[in-house]
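S.K.: Below is the structure I would like to discuss, written out as structure tokens.
The values are calculated or read from the model by the stated rules, or taken from the named source; none is laboratory data. Values in this document were obtained by computation on a predicted structure and should not be read as measured data. We place every Cβ from the backbone using ideal geometry, glycine too, and count neighbours over all the protein chains shown.
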Amino acid sequence: MTRRCTSIDSAQGPTVVIDGRECILFCSNNYLNLANHPAIRQAAIQSVEKYGWGSAASRLISGTMRPHVEAENAWAEFFGKESALLFGSGWGANQSVLTTLPGKGDIVLMDRMDHASIIDAVKDSQASFHTYRRDNLDRLEHFLANPLYRCKYIVTESVFSMDGDTADLKTLVELKNKYNAILIVDEAHSVGCMGNRGAGLAEELGLLDQIDMVIAPLGKGPACGGAIVAAPKVATDYLVNKARPFIFTTAPSPVLADVSLAALNLIWNESHRRICLKQNADTLRKQLADSGLNIGQSTTHIIPVIIGSAAQSVQAAQQLKQQGYYLTAIRPPTVPAGTERLRISVQSDHTPTQIQGLCRALAEILSPENKK
Ligand SMILES: Cc1ncc(COP(=O)(O)O)c(C=O)c1O
């Protein structure tokens, strides 16, 4: 079935307007409801009044503006790293890091469910690569133990975007220390949402200082777009000089940089959003599991309902839309064949009634009698 984009005619929030009708949104990554937060709007307005919109050049020409520098300093400090670089997207950040740092004679080891931006970037690099399953780290260790490789990289997401489970960062840190490897963690779905200050899963586990490089796409929890790479200065200096997707592209808007600072401020100061998100996620997972639905291994605010058929997943999404709930069916190649699903992502501002309503609708639509 051909895919097409659905247009949303309102600001992003727990509800949105589609085709003139209000729907309860359960598939956005606006986990903390910052996308339309008054402080974010205000930061954007103030920034545009001071700097206009465009950066009008690449970073190494005349595109580096005060907000870029301030954002990079603040995010570096937040992640406890020496240095940070701001990119226009998470895709660009992963392209930059993974096509530039690993080279000939190196090996990159990736979780087999890592995001496409990681996998494609590693394939575009000069390094050898292998994938491993996160429920069998022996294969990872097997490659790490091979003395032939010059430099070994482990690249993982922290919260997996389609399954909502988490990487075993503790074991990955032990292995990277044992085999002198470099550990890169993409915290796309945990920045703002996990950890005492909202720095992500590594912070939650007390391991942030053990992660060599944090990739933090900012389009999800922080909801402003762009991405941060936080790393030792020697690595960011190398990227500035060698990473083609950093060098040969127009710098992100200074407004994006300023808005990312406002989001960082909210992540610090509005920790109740993390608490509400966790409560909502726990409630939703429990209600779905109690209804007998297959939510895989999810332990977070991303909750798959695994159906195992593309046609049935699409049909379920259509039926939910008729009832006023908007979420999308996820099919191959995004997930392996046989694990087609609805991917639910919950927000901090969803109400108990909205959550309960979705669970009831899903249980009814996916009940065995209904599928006959
Ligand atoms: C784990 C992960 N990394 C990177 C990206 C790409 O980030 P962006 O949307 O900013 O390009 C995504 C986006 O879905 C993601 O889930």
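S.K.: Taking the stated definitions as given, is GLY90 away from the ligand (no atom under 16 Å from the Cβ), under 24 Å from the mean Cα position of the chain (by Cα) and closer than 28 Å to GLU204 by Cα? Reasoning before the result, please.
M.R.: Working: away from the ligand (no atom under 16 Å from the Cβ): no; under 24 Å from the mean Cα position of the chain (by Cα): yes; closer than 28 Å to GLU204 by Cα: yes.
Considered against the rule, which asks whether it is away from the ligand (no atom under 16 Å from the Cβ), under 24 Å from the mean Cα position of the chain (by Cα) and closer than 28 Å to GLU204 by Cα, GLY90 comes out as no.
S.K.: Collect the residues in region 269-295 that are farther than 17 Å from HIS350 by Cβ and touching a residue at least 24 places away in the same chain (Cβ under 8 Å), keeping them in residue-number order. Can you show your working first?
M.R.: Step one: list which residues in region 269-295 are farther than 17 Å from HIS350 by Cβ, which gives 269, 271, 289-294.
If the condition is that a residue be farther than 17 Å from HIS350 by Cβ and touching a residue at least 24 places away in the same chain (Cβ under 8 Å), then SER271, SER291, GLY292, LEU293 are the ones that fit.
S.K.: Can you go through THR283, THR300 and tell me which one is within 28 Å of ARG360 (Cα to Cα), in contact with a strand residue (DSSP E or B) (Cβ under 9 Å, 6 or more places away or on another chain) and either of a type in the set (Val, Ile, Thr) or outside the structural domain of ALA74 (by TED's automatic domain parsing) (or both)?
M.R.: THR300
S.K.: Output yes when any residue across region 150-160 is crowded, with 19+ Cβ neighbours inside 10 Å, part of a loop (DSSP other than H, G, I, E, B) and not basic (Lys, Arg), and no when none is. Explain how you work it out, then say what you get.
M.R.: Narrowing region 150-160 to residues crowded, with 19+ Cβ neighbours inside 10 Å: 152-160.
With the extra rule that they be part of a loop (DSSP other than H, G, I, E, B), the set shrinks to 158, 160.
Imposing the further condition that a residue be not basic (Lys, Arg) reduces the set to 158, 160.
Scanning region 150-160, I find at least one residue that is crowded, with 19+ Cβ neighbours inside 10 Å, part of a loop (DSSP other than H, G, I, E, B) and not basic (Lys, Arg), so the answer is yes.
S.K.: Could you identify the single residue in ALA281, ALA316, ALA223 that is within 16 Å of the ligand (Cβ to nearest atom) and surrounded by 22 or more Cβ atoms within 10 Å (Cβ to Cβ)?
M.R.: Going through ALA281, ALA316, ALA223 in turn, the sole match is ALA223.
S.K.: Does TYR51 satisfy the condition of being within 24 Å of ALA188 (Cβ to Cβ) and either surrounded by 17 or more Cβ atoms within 10 Å (Cβ to Cβ) or within 16 Å of the ligand (Cβ to nearest atom) (or both)? Spell out how you get there, then give the answer.
M.R.: On the way: within 24 Å of ALA188 (Cβ to Cβ): no; either surrounded by 17 or more Cβ atoms within 10 Å (Cβ to Cβ) or within 16 Å of the ligand (Cβ to nearest atom) (or both): yes.
For TYR51, the condition - within 24 Å of ALA188 (Cβ to Cβ) and either surrounded by 17 or more Cβ atoms within 10 Å (Cβ to Cβ) or within 16 Å of the ligand (Cβ to nearest atom) (or both) - is not met.
S.K.: Search region 135-149 for residues being of a type outside the set (D, E, K, R) and more than 17 Å from ILE184 (Cα to Cα), and hand back the single one that is surrounded by the fewest Cβ atoms within 10 Å (Cβ to Cβ). Even if it seems obvious, please write down each step before you answer.
M.R.: Going through region 135-149, the residues of a type outside the set (D, E, K, R) turn out to be 136-137, 140, 142-149.
Pick out the ones that are also more than 17 Å from ILE184 (Cα to Cα) and you get 136, 142, 145-149.
Details: ASN136: 9, HIS142: 12, ALA145: 11, ASN146: 12, PRO147: 5, LEU148: 7, TYR149: 19.
Among those residues, the one meeting the criterion is PRO147.
S.K.: Could you tell me whether any residue of region 124-133 is over 18 Å from ALA235 (Cβ atoms) and assigned to a loop (DSSP other than H, G, I, E, B)? Break it down into steps so the answer makes sense when it comes.
M.R.: Restricting attention to region 124-133, the residues satisfying the condition of being over 18 Å from ALA235 (Cβ atoms) are 124, 128-133.
Cutting the leftovers down to assigned to a loop (DSSP other than H, G, I, E, B) gives us none.
No, region 124-133 contains no residue that is over 18 Å from ALA235 (Cβ atoms) and assigned to a loop (DSSP other than H, G, I, E, B).
S.K.: Taking ASN29 and the conditions (1) surrounded by fewer than 22 Cβ atoms within 10 Å (Cβ to Cβ); (2) under 18 Å from ALA199 (Cα atoms); (3) away from the ligand (no atom under 16 Å from the Cβ); (4) not aromatic (Phe, Trp, Tyr), which numbered condition does it fall short on, given that it satisfies the others?
M.R.: Looking at each condition in turn, ASN29 falls short on (3).
S.K.: Here is a follow-up. Could you check ASP138 against (1) assigned to a helix (DSSP H, G or I); (2) among the charged types (D, E, K, R); (3) in contact (Cβ under 8 Å) with a residue 24 or more places away in the chain; (4) within 30 Å of VAL305 (Cα to Cα) and say which number it fails?
M.R.: (3) is the only condition that ASP138 fails.
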